Every structure is written in structure tokens, then in C-alpha cells.
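The values are calculated or read from the model by the stated rules, or taken from the named source; none is laboratory data. Keep in mind that this is a model prediction, so the values were computed, not measured. Glycine gets a Cβ as well: all are built from the backbone with ideal geometry, and neighbour counts include every protein chain shown.
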Amino acid sequence: MSKKEFPESDLPLTHLAFDGEAYLANFSDMEDLAYEAIDSFLSILPSLIFEIESAIQSQNAVSLEISAHTLKGNLSNFYAGSSELLAWQLEQMGHGKIMDSAHRIFQELKIELSRFSNDLKEFAAVRKIA
Amino acid sequence: MIDCMANKTILVVDDSEFDRSLLAKALLRKNNFNVIEANNGEQCFEILETKPVHLILMDIMMPGIYGTQVLLKIREKFNPMELPIIMVTSKADASDVVGSLQSGANDYITKPVNFEVMMSRISTHLKLAEISEEMSKLKEMAALGAMIRTYNHEINNPLAIAIGCLNSSLLKDERAVDRLKAALWRIADIVKKIQVVTEKKEVEFQECGNSNKMIKIK
């Protein structure tokens, strides 16, 4: 599938796996909630990945669109630019019912999400030590 | 000054448990709102049937029934001033934003939700809803006052004539009986006209001195 088949994304052009500074800035007077959200997200992330994987395996475009959209929305809270972009691509594939490259993009997403998870854990651990 | 944010209930509609819960917790911590959560359109409708809600934050894209469809159904029952709805959307969903606003959404916020912006938008729409409610009450009171003045003015005169005729020793006089009949028919006519006016959705007013208004019934 060529890139031309996708609409232009206005997602932030960032390759950061996780922008901790931007994330924390939004929780100015609610820092506890910021860290609570990290724990909560890390606990549900495997199920979100599983949903996408299942949709790709069963070639269910509607399910891929919804599950990728949900993950993209969740990731946006963390300013996770690179993973968000890949989730968006999967969402568009589901929307357009063209899933040829979905498996490849999903593999890239898994790698990015692994980086992202590690960054999140590190970020939360620094705070716990402090 | 009206504290429009106090004791208000916000309904958060989002199929993503994580996003929904994050918004709910932020609303609670920022302003101690009463927060109710719904994970789809059906739950949203059920809640609106049973609980008072002052504002809705709703995700545009949800499985099953799309956010804009939920929005249209809510608007069949509640106008934008009665129940403000703020849509929550991804930055990439610009066309959905336009669709939502055309379908009756009051406003939108984009993900990642900036909590300060969210609070500011909520505050604005709660204030507008409160002002609109106050205006409606004032209009109702004005209409009620005008209605009472109309009854007083239109009925008192023929009533006084009728009573005068009844008290008159000349009641046996045919002219007095005619005047009495005319006065009573006038009262009956006025009552009928006022009934017609009250069945209308809008009423017209007319000045009746001292800056007072009466309902226009003729």
C-alpha cells in the first residue's frame, strides 16, 4: 500500500517514544494522577496490543480501526509520537479496509511500544526513587 | 456572582476505559465535579433518562454507535443550552469535528486533552447554560406578569359594568339587560382569546402604560 492512499496526518512530527516533560506539564497540580495513569496504562497495554493483533490475524478491518484508534488516543496522553503515528497508520488501514501492510506496521508498532514502555517505567522509577 | 461550577454533574462518554477514567479523575481533582461514566451510547441514554446531567464530554469515535449519532439522538430531547456537549477527538479527526458541530455539539477538545483548556471550556459552557436558564425564567416571569395584567385590564372593565347593571334598579330596563349581556359576552370572549394566546408557543406584548406590558390578544 502506498503512502498516498492515506490522508495527511496532523499528528505531532516527533520520534520521541515518550515526552515526559510535555506529559507532566499537563498534570501541573495533579502529579499523583500523572503517575497513577502510567501504572494504569502499563497494565492495560498488553490487552490493547492483543486486540490489534487479533484484528490483523482475523483480517477484521472494523476491529482494526477501532482497536488502533483506541490505542492511538491512549498514547496521545503520553505524547508518544512515534507509536502514535504507527497506530494511526493501522487505524487508517482498517478504515480503508486495505490491510496488506498491517502486519509489517504492527511489528514496527510493537518495537516502538517496547521502547515506550521502557521509557515510561524508567520515568516512573526515577520519581519513586526521588 | 453565580458559581456555575458548583455541584455540577459531568457525564464522560468514551469506550476507552483508560481515557474515560483519566478524564473522570482529572475532573474530580480539578473541581470536585460529580462525574458519571458511560462506555457507549446506550449507557449514555440510560443515564440521561435517570440522572440529572449538566454537561457531557463525549468521544467522537466509539464502536457500535458513532459519537455523532449519539449526539443527534440527545439533541432530539435536549437543546444545546439545556445540555452542553463537548466532543473529545484526535487531532487527525478534523472532518469529524465539523460534523459534530453541525450535529449540535457545543464545542470540542482534542487529544491529548489539555486539562486546563478542558476546565476552561467546561466553565464557559456551564456559565452559558446557567445564563440561558436565568433568561428563560425571566421571560416566563415577564409573560406571567403580562398575563395577569391582561386579565385585570380586559376583564375588570366589563365586570364592573356587569356588576353595575346587576345593582341597578333599572335592571328591568331592556337597555340595562342588553348592557349586562354585552359585558358578560365580552368577558367570555376575552377568556377565549387568552386561552388561544396561551396555546401559542410565542406571545406578543403591548405597552399598557408605566412601562408595563400586556399580552396582545386582539
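Looking at segment B:60-73, is at least one residue in a strand (DSSP E or B), more than 13 Å from chain A (Cβ to nearest Cβ), within 21 Å of the chain's Cα centre (by Cα) and crowded, with 16+ Cβ neighbours inside 10 Å? No, segment B:60-73 contains no residue that is in a strand (DSSP E or B), more than 13 Å from chain A (Cβ to nearest Cβ), within 21 Å of the chain's Cα centre (by Cα) and crowded, with 16+ Cβ neighbours inside 10 Å.
Here residue A:99 clears all of (1) surrounded by 15 or more Cβ atoms within 10 Å (Cβ to Cβ); (2) of a type outside the set (S, T, N, Q); (3) within 13 Å of chain B (Cβ to nearest Cβ); (4) not in a helix (DSSP H, G or I) except the condition numbered (3).
How many of the residues making up segment B:1-21 are touching a residue at least 12 places away in the same chain (Cβ under 8 Å), in contact with a helix residue (DSSP H, G or I) (Cβ under 6 Å, 6 or more places away or on another chain) and within 13 Å of chain A (Cβ to nearest Cβ)? Count: 3. Here the condition is being closer than 23 Å to residue A:51 by Cα, aliphatic (A, V, I, L, M) and modelled with pLDDT of 95 or more; of B:48, B:11, B:22, B:57, it holds for B:22 alone.
Selection of first residues in segment A:56-84 that are within 11 Å of another protein chain (Cβ to nearest Cβ) and more than 17 Å from residue B:109 (Cα to Cα) and of second residues that are assigned to a helix (DSSP H, G or I) and aromatic (Phe, Trp, Tyr), restricted to Cβ pairs under 6 Å at least 6 apart or on distinct chains, gives the following pairs, ordered by first then second residue: A:80/A:116. With respect to the conditions (1) within 14 Å of chain A (Cβ to nearest Cβ); (2) under 14 Å from residue B:56 (Cα atoms); (3) in a helix (DSSP H, G or I), residue B:109 lacks only one, and its number is (3).
Taking segment B:22-34 as the range and being touching a helix residue (DSSP H, G or I) at 6+ places or on another chain (Cβ under 9 Å) and either part of a helix (DSSP H, G or I) or closer than 23 Å to residue A:69 by Cβ (or both) as the test, the residues that pass are B:22, B:23, B:25, B:26, B:27, B:29, B:30, B:31. Between A:49, A:44, A:56, A:38, the distinction of being closer than 18 Å to residue A:21 by Cα and part of a helix (DSSP H, G or I) belongs to A:38 only.
Residues checked against (1) out of contact with any helix residue (DSSP H, G or I) (no Cβ under 9 Å at 6 or more places or on another chain); (2) at pLDDT 95 or above; (3) under 21 Å from residue B:90 (Cβ atoms); (4) surrounded by fewer than 19 Cβ atoms within 10 Å (Cβ to Cβ):
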residue: A:6; (1), (2), (3), (4): no, no, yes, yes
residue: A:19; (1), (2), (3), (4): no, no, yes, yes
residue: A:28; (1), (2), (3), (4): no, no, no, yes
residue: A:61; (1), (2), (3), (4): no, yes, yes, yes
residue: A:75; (1), (2), (3), (4): no, no, yes, no
residue: A:85; (1), (2), (3), (4): no, no, yes, no
residue: A:88; (1), (2), (3), (4): no, no, yes, no
residue: A:104; (1), (2), (3), (4): yes, yes, no, yes
residue: A:108; (1), (2), (3), (4): no, yes, yes, yes
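With the structure loaded, tell me whether residue A:33 is over 19 Å from residue B:89 (Cα atoms), within 11 Å of chain B (Cβ to nearest Cβ) and either assigned to a helix (DSSP H, G or I) or touching a strand residue (DSSP E or B) at 6+ places or on another chain (Cβ under 9 Å) (or both) or whether it fails that test. Yes: the conditions hold for residue A:33. When the criteria are applied in full, residue A:105 fails the requirement of being among the aliphatic types (A, V, I, L, M), away from chain B (no Cβ under 14 Å), more than 18 Å from residue B:61 (Cβ to Cβ) and outside any helix (DSSP H, G or I). Return yes or no: is residue A:111 among the β-branched types (Val, Ile, Thr) and not in a helix (DSSP H, G or I)? No: the conditions fail for residue A:111. When residue B:123 is tested against (1) surrounded by 17 or more Cβ atoms within 10 Å (Cβ to Cβ); (2) small (Gly, Ala, Ser); (3) within 30 Å of residue A:77 (Cα to Cα), just one condition goes unmet, and that condition is (1). Annotation: of all residues in segment B:35-54 being β-branched (Val, Ile, Thr) and assigned to a strand (DSSP E or B), the one that is nearest to the other protein chains (Cβ to nearest Cβ) is B:35. Residues in segment B:93-101: is at least one within 13 Å of another protein chain (Cβ to nearest Cβ) and in a loop (DSSP other than H, G, I, E, B)? For segment B:93-101, residues within 13 Å of another protein chain (Cβ to nearest Cβ) and in a loop (DSSP other than H, G, I, E, B): present. Scanning segment A:85-130 for residues that are closer than 22 Å to residue B:111 by Cβ and hydroxyl-bearing (Ser, Thr, Tyr) gives a single hit, A:117.
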